[in-house]
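What follows is a set of notes on a single structure, which appears directly below.
What follows is calculated from the coordinates using simple rules that are stated; it is not laboratory data. Computed from a prediction, not measured in an experiment: that's the story for all the values here. Positions of Cβ are backbone-derived with ideal geometry, glycine not excepted, and every protein chain shown enters the neighbour counts.
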Number of protein chains: 2
Amino acid sequence: MMILRNSPPSPFGRKVRIAADLLGLADQIEVREVDLNDPADSIRVQNPVGKIPVLILKDGTTYYDSRVIVEYLDHIAGGGHVVPRDTKVRFEALRLQALCDGILDASLLMVYENRYRPPEMHVQSWLDRQADKVARGLAALEASPPKLDQAIEPLPNVGQITLACLLGYRDLRFAGTWRKDYPRLVAWLDQFAAQVPAFAETKVAA
Amino acid sequence: MMILRNSPPSPFGRKVRIAADLLGLADQIEVREVDLNDPADSIRVQNPVGKIPVLILKDGTTYYDSRVIVEYLDHIAGGGHVVPRDTKVRFEALRLQALCDGILDASLLMVYENRYRPPEMHVQSWLDRQADKVARGLAALEASPPKLDQAIEPLPNVGQITLACLLGYRDLRFAGTWRKDYPRLVAWLDQFAAQVPAFAETKVAA
């Protein structure tokens, strides 16, 4: 068995879990939760920057971060499944992943403002800066949501998986307020969820 | 000509510029500097999260972030040059890139604490948290620096390029204090710089 170090609310861990399920690899991976508040948790040996997810192979080799893990899982599943091979399709998927990872990074920094700073130390201009990144990113995605066409691509690609995890994270940590502003993304997520049972299976209660 | 939106101090932009030079593509790329303080700068259209670097192809297609750009440049140079094809070598290089990107992210958050927050709003426990990530990461790299053996790999891989950019960034923004603690990484960077002229050519004065 491979081991996945993860924490259920992590959008990056969710990306890996959904990809593993789509690739038919979920039953080869044991998920072991990380306690990020425990300074003795081995996650900091497995990944020195202490971030999840980390994949540990049978021989002890560790792979991180989520982008590397998903590409590795796609590779051992034969390749070209959730990380497309065709140049144009591949780099569009990787750009979409980078955009959604970037919006997630800004979202996480907003969550961390509350988690790691007392209220009187919050800096509104910093929070606004991150919120602007999120808003510009979601507006760009709303303007042209990626196509989910199973006749062309049997599985959603890693960019689309990341978009679903991003929207799920906005539901979990930001009370789903994105839904009123981005109706095409709401429809897109409904379609994704209908095609990908692992999306509902990895959902965490707020 | 392709266009690279960049800012000279960016370690991620430097990664792309070094890779482009190693791949023989530098003369096909015009670097256009971004003014991140100008809200009208087109960077926020080219990449909605407003981050550099962004590569713009002749047909207007944009690619980001640095990982995606480097893989794209490697691809158009024939593939397998700075992003290795062999599974074990490839995923070791990608993990090294992820580790160094992660140490860079923590380093940037420390720089941003000064840039975007007044001194009385600095939170020491947050800065310590980031500094711990940097220290654990550099210690892991010091324990086993990647091998730079041109007889095996004619070009350094993207993980090694990222490590060089990370150490260069610690020189630029943290006064090179890493050098006294990590002598094997100092020797490693000297060897990298001797093999890669673009490293010195992309150096920015502190």
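Over every Cα atom in the range A:32-91, the radius of gyration and the widest Cα-Cα span, Dmax, amount to 14.2, 44 Å. Within the range B:166-206, list the residues whose amide N lies under 18 Å from a label point set 7 Å along Cα→Cβ of residue B:122. Zone members listed by number: B:170-178.
The alpha carbon convex hull volume per residue for the protein assembly as shown rounds to 148 Å³.
Given a Förster radius of 41 Å and the C-beta distance between residue A:152 and residue A:27 as r, what FRET efficiency does 1/(1 + (r/R0)^6) yield to the nearest 0.05? It comes to 0.90.
For a test of the definition: using alpha carbon positions, the gyration tensor, and the 1.5 limit on a/c, classify the range B:146-199 as rounded, prolate or oblate. Don't jump to the answer; show the numbers that get you there.
Numbers: a/c = 2.37, a/b = 1.78, b/c = 1.33.
Taking the square roots of the gyration eigenvalues as a ≥ b ≥ c, the range B:146-199 is prolate.
Between exposed trypsin sites (Lys or Arg not before Pro) in chain A, where DSSP calls loop and at most 11 other Cβ atoms lie within 10 Å, what's the longest gap? With a cap of 11 other Cβ atoms within 10 Å, the longest stretch comes to A:86-146. Using the rule -39500 (n - 2.57) for each DSSP H run of four or more residues, divided by the residues of chain A, the 222 nm mean residue ellipticity is -17500 deg cm²/dmol. Under 1.5 on a/c is rounded, so check that first for the range A:2-76, then, if it is not, pick prolate when a/b is larger than b/c and oblate when it is not; a ≥ b ≥ c are the square roots of the alpha carbon gyration tensor eigenvalues. Prolate shape, in that a/c is at least 1.5 and a/b is the bigger ratio. Once you have a ≥ b ≥ c as the square roots of the Cα gyration tensor eigenvalues for the range A:87-199, tell me rounded if a/c is under 1.5, and otherwise prolate or oblate according to whether a/b is larger than b/c. Taking the square roots of the gyration eigenvalues as a ≥ b ≥ c, the range A:87-199 is prolate. Listed by number, the DSSP H helices of chain B that run 18 Å or longer by alpha-carbon position along their axis and have mean Kyte hydropathy of at least -0.5 are B:87-116, B:124-143, B:158-173, B:183-195.
Take every DSSP beta bridge whose two residues both sit in the protein assembly as shown; close to 50 percent of them are antiparallel.
All other residues whose Cβ lies under 14 angstrom from that of residue A:171 are scored, Lys and Arg at +1 and Asp and Glu at -1, for a net of +4.
Work out the length of the dipole vector of the range B:87-201 about its Cα centre, built from +1 on the beta-carbon of each Lys and Arg and -1 on the beta-carbon of each Asp and Glu, and round it to the nearest 20 debye. Show your work: numbers first, answer last.
Working: 14 positive and 14 negative charges, 33 e Å.
The calculated dipole for the range B:87-201 is roughly 160 debye.
Rounded to the nearest 20, the Cβ-based charge dipole of the protein assembly as shown about its Cα centre (Lys and Arg +1, Asp and Glu -1) stands at 220 debye. Between residue B:61 and residue A:181, the modelled labels are 3.0 nm apart [label points 7 Å from Cα along Cα→Cβ]. Looking at chain A alone, DSSP beta bridges between its own residues are antiparallel in about 50 percent of cases. Once the C-beta distance of residue B:140 and residue A:115 is scaled by a Förster radius of 22 Å, the resulting FRET efficiency is 0.30 to the nearest 0.05. Chain B has one residue whose beta-carbon comes closest to the axis relating it to chain A; that residue and its distance in whole Å are B:121, 3. Partner shielding of A:61-70 amounts to 4, given as the average count of beta-carbon atoms from other chains within 10 Å of each residue beta-carbon.
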